[in-house]
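Working notes, beginning with the structure itself.
The values are calculated or read from the model by the stated rules, or taken from the named source; none is laboratory data. Computed from a predicted structure; not experimentally measured. Glycine also receives a Cβ, built like all others from the backbone with ideal geometry; neighbour counts cover every protein chain displayed.
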Amino acid sequence: MGFLDSMKAKLAPAKDKVSNLAQQHGDKIDHGIDRAARLVDQKTKGKYSDKIETGTGKAKHALDRLAHKDDGGTPPSAPPAA
C-alpha cells in the first residue's frame, strides 16, 4: 500500500465526520460566510467586491459538495456561474 493510499484510509473517518457536520450546520456556516464577506467588503470599502463575491460563491459551493447536496452524486468540476 502506497503512502497516499494509507493517508486516504486514515482520513476517511474525518471526511465522513466533516460531511455530517456540514449537513447538520450548513445554514449556520452559510450565514457565517455571508457575514465574513460583508465585513471584509466593508473593511476594504468595496474595492474587492467582485473578488469577495466570487470567493463567497466558491466557499458555498465547496460546502454543498462536502454536505453532498449536489444531486448528481459526483461533485461538479466547476462552481455555477453567479
Neighbours by Cβ (under 6 Å, 6+ apart or cross-chain): first from the range 28-47, of a type in the set (A, V, I, L, M); second surrounded by 13 or more Cβ atoms within 10 Å (Cβ to Cβ): 29/63; 33/56; 33/59; 37/52; 37/56; 40/52
Subset tally (residues that are over 22 Å from residue 67 (Cα atoms) and of a type in the set (Asp, Glu)) for the range 10-56: 2
Every residue from the range 1-60 that is loosely packed, with under 13 Cβ neighbours inside 10 Å and among the β-branched types (Val, Ile, Thr): 44
Pairs with Cβ under 6 Å, 6+ apart, first in the range 11-24 and free of Cβ contacts under 8 Å to residues at least 60 places away in the same chain, second surrounded by fewer than 11 Cβ atoms within 10 Å (Cβ to Cβ) and among the hydrophobic types (A, V, I, L, M, F, W, C): none
Selection count, the range 21-72, where residues are among the hydroxyl-bearing types (Ser, Thr, Tyr) and assigned to a helix (DSSP H, G or I): 3
Of residues in the range 37-82 being within 12 Å of the chain's Cα centre (by Cα) and among the aliphatic types (A, V, I, L, M), the one modelled with the highest pLDDT: 59
